[in-house]
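Before any comments, here is the structure.
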Amino acid sequence: MGEDQIPMTVEGKKKIEEELKRLLTTERPAVVKAIEIARGHGDLSENADYSAAKERQAFIEGRIQEINAKLARSRVIDSSKIKSDNIVFGATVILEDHNSGKEITYKIVGVDEANVKEGKISITSPIARALIGKKEGDDVTVHAPRGQIQYTINTVEYL
């Protein structure tokens, strides 16, 4: 993968494509209309509605450019097609915490897809970096902000 490429899952790409579509078809036209309405209210220098709409427009246009750039640099990886015993991008991993004995499940995803509440961790996170290249049954030490955490890798799947 080239330095400028951004790995993302199939779901991650779909999610940002949906956001882009919403921005282009709903958000952008709505803000243009809001600007037109605010312009009709007279003096633009003291028009809070106009200022807010212009600010929103700048945000929307910036986000559209950001998404387009990410899509142009994306390398979509379909984790269901990966056949590997080692943990790589896209793996769903079930770990057992040595201290608590509890199991925790993580899927290693792209930076923009990460959502800890959904069990999706960024490829750049300390846990993912510690897991990459390991196999089922391996013990791994994660250097987390709260200290070192010991896990055993119970299961590695590519869903």
The conditions are (1) touching a residue at least 24 places away in the same chain (Cβ under 8 Å); (2) β-branched (Val, Ile, Thr); (3) farther than 27 Å from residue 112 by Cβ, and residue 35 fails exactly one of them. Which is it? (1)
Which residue, of 76, 88, is within 15 Å of the chain's Cα centre (by Cα), surrounded by 13 or more Cβ atoms within 10 Å (Cβ to Cβ) and touching a residue at least 40 places away in the same chain (Cβ under 8 Å)? 76
Odd one out for residue 129 among (1) without any contact (Cβ under 8 Å) to a residue 40 or more places away in the chain; (2) of a type in the set (D, E, K, R); (3) over 19 Å from residue 141 (Cα atoms): (3)
Among the residues in segment 99-109, are any under 20 Å from residue 11 (Cα atoms), touching a strand residue (DSSP E or B) at 6+ places or on another chain (Cβ under 9 Å) and at pLDDT below 95? no
Only one of 67, 87, 94, 132 is modelled with pLDDT of 95 or more and in contact with a Lys or Arg (Cβ under 9 Å, 6 or more places away or on another chain), namely 87
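The values are calculated or read from the model by the stated rules, or taken from the named source; none is laboratory data. Quantities reported herein were computed from a predicted structural model and do not represent experimental measurements. Positions of Cβ are backbone-derived with ideal geometry, glycine not excepted, and every protein chain shown enters the neighbour counts.
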